[in-house]
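These notes are about the structure you will find just below.
The values are calculated or read from the model by the stated rules, or taken from the named source; none is laboratory data. Keep in mind that this is a model prediction, so the values were computed, not measured. Every residue, glycine among them, receives a Cβ derived from its backbone with ideal geometry; neighbour counts consider all protein chains shown. Please note that ligands, DNA and RNA were not included when accessible areas were found on the heavy atoms of the full protein model with its side chains. Shrake-Rupley method; radii C 1.70, N 1.55, O 1.52, S 1.80 Å.
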Amino acid sequence: MKAKITLHRDFKVGAINPYIYGSFIEHMGRGVYNGIYEPTHPLADKNGFREDVKKIVRDMHVPIIRYPGGNFLSGYHWEDGVGPKEKRPRKLDAAWQQIEPNEVGTDEFHDWAREVESEVMMAVNLGTRGPDEAAQLLEYCNMPAGSTFADMRVAYGHEKPHGDRVWCLGNEMDDANQICCRTAEDYAAIARKSAGLMKKIDPSIKLVACGSATMYEPTFGEWELTVLDRVYDHVDYLSLHQYYPNDRKDRPDYLANALTMEEFITGVIAMCDAVGAKKRSKKKINLSFDEWNVWPQIGKCNNAVDPWSVGPQREEYFFTMEDALLFGSMMMNLIRHCDRVHVACMAQLINVCAPIMTVIGGPAWVQSTYYPFCYTSQYGRGVALNTQVICDGYKTRRYENVPWVDSVAVWNQEENEIVVFAVNRSQDESAQVEINMESFGKASLIEHVVLEHEDKDATNTAQNPDNVKPHAGGNTVVGEQGAVVTLNPYSWNMIRLALK
Ligand code: AHR
């Protein structure tokens, strides 16, 4: 099969905000306890955090990590997690029916995040709590010494403010399972009050209002329009959350979820702009896609949830080669819409539906999805190009035409290179892709990285951690006008081209 990609130096989508390569760690399952934090592990540092996990996270180039939830957030008292550890309460976490020992809290997490070279995207509890507690947490994190909560932080060993720039106003407050879920009107009122108060304390912060828990919620659309109408002038971003389940029954349609995600993004942009137009506002509300991933569903890693324990196995899955293809396409969507998607968090980072897995007392290993994340996060920096892909497509039960080749290109002006990300959705045919980029002048190949496997359902495991792993691609030819590249069947690819 043949495909043609046209890139032009004058056709740009916009600058990519590095925050689109964010992730998420929740006090859930083995995300924190028995995940990043395992004090009895041979590789634990003096604070109980695993060095091997820190190294993997650093290698992923994650600029921002959302914390501490998730559903956990809506019942959390942040004060329980600061101060002398021996005085911290052991609490019931009603969201996940776990014990929260509060050994890791705001300060420990920020210290850890600094070590993995990430910022923290803090979230305030608007389930059981409200504006007052949100403002106090902001004071604790962002204000210099001289007031009660800032002084508390100093007394607990952090002279310098943590200085968090992006804050979430609650989590999935429309979801019926959320602790103290709210109607759109009710949420809009509390989010508006909290936002007003928080921005008076620190006007430099950016705030994320909750969008729908997924685009399949019955109130999707209505929720966005109602909330935006009330908070438009007070917030900066609206959140989107979506996980795509893989039942491995209809592979072509599973990969077509990339189109569904795109419809979700463009739909929410339209809603933001409709409210803006109604208000005759010059301001744009941008998107924070702060929970996204594929959700493998089968092949669970032995999820024997032990209720009311600390750090139990929960929602741990094996990601397949096929999952890495949709995952790679989801990342391409974030780049393609980088003019409006300014923040995104792949959920979650460790153990819970995550690319990094840990064995208690043993090694850490990475899943198939780790690779598209790492490469896209490291090399997808710069300006997104309006990437025209011409190729045939296929029909699924939901779509008339799903292009065989999915691709987006990034111009890294600092490094003077073009980076093309591409997925071949065909299970049996390779794609000969002609990349026309004449306007950039001469180029040469730096590398072509390919992720593929003869078994679409191949996974990595603790025992076989390198089963799905990228390798160098062959036969790319670079000429006067661009490059000709072969994309093997069912493969994810990154092609880096140096400009002269
Ligand atoms: O990531 C797991 C859960 O999924 C989060 O707690 C919640 O926000 C979402 O529904």
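A few notes on this one:
- Partner aspartates and glutamates for K283 [C-alpha distance under 20 Å; skip if fewer than 8 residues away on the same chain]: D202, E224, D229, D233, D236, D273, D339
- Compared with the dominant principal axis of the Cα atoms in the chain, helix 106-115 is inclined by about 30°.
- Estimated inter-spin distance, N386 and K200, nm [label 7 Å along Cα→Cβ]: 4.5
- Accessible area (Å², per residue) of region 204-269, counting only protein heavy atoms and a probe of 1.4 Å: 34
- Segment A94-D233, extension gain: residue separation times 0.36 nm, minus the distance between their alpha carbons: 46.7 nm
- Debye intensity ratio in log₁₀ form over the Cα atoms of region 162-290, taken at each q of 0.18, 0.19, 0.21 Å⁻¹: -0.97, -1.05, -1.23
- Helix 321-336 axis, angle to the chain major axis (alpha carbon atoms, nearest 10°): 80
- Directionally averaged projected area (the chain, Cα convex hull): 22.8 nm².
- Per principal axis, descending, Cα span of region 248-356 in whole Å: 53, 37, 19
- Solvent-accessible surface of region 297-427, averaged per residue with a 1.4 angstrom probe and all protein chains in place: 32 square angstrom.
- Mean ellipticity per residue at 222 nm, deg cm²/dmol - from DSSP H runs of n ≥ 4 across the chain, formula -39500 (n - 2.57): -7500 deg cm²/dmol
- Dimensionless Rg over Rh [region 359-500; C-alpha; Kirkwood]: 1.01
- Normalised contact order of region 377-454, rounded percent, pairs of Cα under 8 Å and 6 or more residues apart: 23
- Cross-linked pairs K12/K55; K54/K206; K46/K200: Cα-Cα separations exceed 32 Å for K12/K55; K46/K200.
- Expressed as a whole percent, the accessible area of the chain that falls on carbon and sulfur atoms is 50 (1.4 Å probe).
- Relative contact order (percent, whole number), region 284-364, Cα cutoff 8 Å, 6+ residue spacing: 38
- Spatially proximal aspartates and glutamates relative to K87 (Cα-Cα < 17 Å; intrachain offsets below 8 disregarded): E79, E100, E103, D107, E108
- Relative contact order (%) - criterion: Cα under 8 Å, at least six apart; region: region 314-415: 27
- Excluding ligands, DNA and RNA, the accessible surface per residue across region 1-100 is 39 Å² with a 1.4 Å probe.
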